[in-house]
Amino acid sequence: MQTTLQNSHLEWLQGLTAHFKISLSEIARLAGVSPSTLTRFVKAGVPESHLRADTIGKIVSALGVDPPALPEPKALPASMATIPVSLSAEHLLEAKQLGLNLKDVLRVAAEKEIRAERLRQWSQRNQKAARDWDKLIEDEGLWSDGLRQF
């Protein structure tokens, strides 16, 4: 699978060969780079590969052309996801009448449930440590027991 940067470089090289009506080997010779550098890049189709900046710079200088255009950055993933939710007609109507924003209600409820579940799982994982700590305090007391005035 080719990356957008790889596609950009391939299209640029293909455009140069078509415009100047010369081969990749001839472009390489004019730019002072090894012909295998260009032919290997075009023919191998190695995923995630691209031309090095110094190779592009030499071609740009030798042929007097613009460098390849940089691909558009990929859109950032949305911070929110859309999910289907079923709600009874009565609840929907009452929520509307009360002026509740159901997106906010669902978000707050989900955050609350996630926090509660994380705490439950943490407590379960650390149950033995908590029991051991309680036993230690019961057996030896706290370091501040003799200092308290209450």
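Just so you know, all these numbers are worked out from the coordinates, no wet-lab data involved. It should be emphasised that the depicted structure is a prediction, and the values quoted were computed from it without experimental measurement. No Cβ is skipped: glycine too gets one built from the backbone with ideal geometry, and neighbour counts run over all protein chains shown.
Leaving out same-chain residues fewer than 8 places away, which aspartates and glutamates sit with a Cα under 18 Å from that of Lys135? Within the straight-line cut-off, Lys135 pairs with Asp145. When each of Leu136, Leu38, Leu16 is scored by the number of other beta-carbon atoms lying within 10 Å, the sequence from fewest to most is Leu136, Leu16, Leu38. Pick the calculated Cα extents along the principal axes in Å for this structure from (1) 65, 42, 25; (2) 91, 57, 29; (3) 190, 37, 17? Answer label, from the structure shown: (2).
In terms of surrounding Cβ atoms within a 10 Å radius of their Cβ, Ile56, Ile137, Ile83 rank from fewest to most as Ile83, Ile137, Ile56.
Of Trp143, Trp12, the sequence from fewest to most neighbouring Cβ atoms within 10 angstrom is Trp143, Trp12.
Entry note: segment 89-140 has Rg to Rh equal to 1.41, where both radii use alpha-carbon atoms and Rh is the Kirkwood radius. Within the straight-line cut-off of under 20 Å between alpha carbons, the lysines reachable from Lys21 are Lys43, Lys58, sequence neighbours fewer than 8 places apart in one chain being disregarded. If exposed means no more than 13 neighbouring beta carbons inside 10 Å and the site is in a DSSP loop, what's the longest run of the chain without any exposed trypsin sites (Lys or Arg not before Pro)? It works out to 75-147.
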